[in-house]
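Please treat every number below as a calculation from the coordinates, not as lab data. Since we're looking at a predicted model, the values are computed, not measured.
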Amino acid sequence: SAPAMACSLKDELLCSICLSIYQDPVGLGCEHYFCRRCITEHWVRQEPQGTRDCPECRRTFPEPTLAPSLKLANIVERYSAFPLDAILGAQRSPFPCKDHEKVKLFCLTDRAVVCFFCDEPAVHEQHQVTNVDDAFEELQRELKEQLQGLQESERGHTEALQLLKKQLAETKSSAKSLRATIGEAFERLHRLLRERQKAMLEELEADTARTLSDIEHKIQRYSQQLRKVQEGTQILQERLAEADKHVFLAGVASLSERLKGKIHETNLTYEDFPTSKYMGPLQYTIWKSLFQDIHP
């Protein structure tokens, strides 16, 4: 049975001195093997007796040589790396693996098939190694759970996509309706602003025309008055330039008659152009007029 085989194999790997698995196994000429440390300490205890023997067969060696057993060390290393129950429970493959029949073991840690004889034992020393049947069942269960999770995720994503597509259509429809509403609202504002602009420009043109006409009339009147004032100035300068006293005095009598309509006072009255009506808080004025026209 598998447990008996396991015990038998393990017994072959035990040092008869420490009763533990070989550590650095060495062989004597009698084909018995021990841990290097165990046989060395055994001979140290025998030094007072002057003999060195094999603890198994009691054969003595005058000058014994400890030969390391690489093959046994390799078997011990592999035994420590791979679980014995997995090895004994595995089925052998008909295909050779480097002159060995491949033992079908599976390393769950590395997710790979391993060979007891050919793979490096140290690689899997701390790994979870089992036989192929158990690994098959374990991975089947694990992958089914993953599949179930993926299917649930697929359903969730499908529902989410349907909801997003619905929201996409609704958003496009809402945006189209809102664009129309915004366009109508601003078109009405633009129309009111254009009407207000037109009325204000017309009012400005009327104020401008009235102011310019008043100024032009004043320019014409003061130009005429200026010419008469200049004529009076010339008359007085000519009279003052008369050196003959009798002639000067004789002309004084007619001087007042000649200066009639020539003397004018400057009494200009000027009204400022009504710029404040158009400058001022223009936007506030426009807003007030719009506020009266808009009925939200």
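Structural remarks
- Residues whose placed amide H lies under 5 Å from that of Arg52, excluding near-sequence neighbours: Phe61
- Phi to ³J(HN,Hα) by Karplus 6.51 cos²θ - 1.76 cosθ + 1.60 over the range 70-77, Hz, x for Gly, Pro: 5, 5, 5, 4, 5, 5, 4, 5
- Length released on extending from His32 to Ser173, taking residue separation times 0.36 nm less the Cα-Cα span: 41.6 nm
- Length gained when the stretch Gln151-Phe291 is fully extended (0.36 nm per residue, less Cα-Cα span): 44.3 nm
- For Ile21, residues with placed amide H under 5 Å, excluding near neighbours: Cys15
- Under the Karplus curve 6.51 cos²θ - 1.76 cosθ + 1.60, θ = phi - 60°, whole-Hz ³J(HN,Hα) for the range 192-206, x wherever Gly or Pro sits: 4, 5, 5, 5, 5, 4, 4, 5, 5, 5, 5, 5, 4, 4, 5
- Interchain or long-range residues, amide H under 5 Å from Ala112's placed H: Cys107
- Across every direction, the projection of the convex hull enclosing the Cα atoms of the range 177-293 has a mean area of 11.0 nm².
- Scalar couplings 3J(HN,Hα) for the range 23-32, obtained by applying the Karplus form with A = 6.51, B = -1.76, C = 1.60 to θ = phi - 60°, are 10, 6, x, 10, x, 9, x, 8, 6, 9 Hz; x denotes Gly and Pro.
- Spatially proximal aspartates and glutamates relative to Lys288 (Cα-Cα < 16 Å; intrachain offsets below 8 disregarded): Glu195
- Segment Asp133-Glu159, length gained on full extension (0.36 nm per residue, minus Cα span): 5.5 nm
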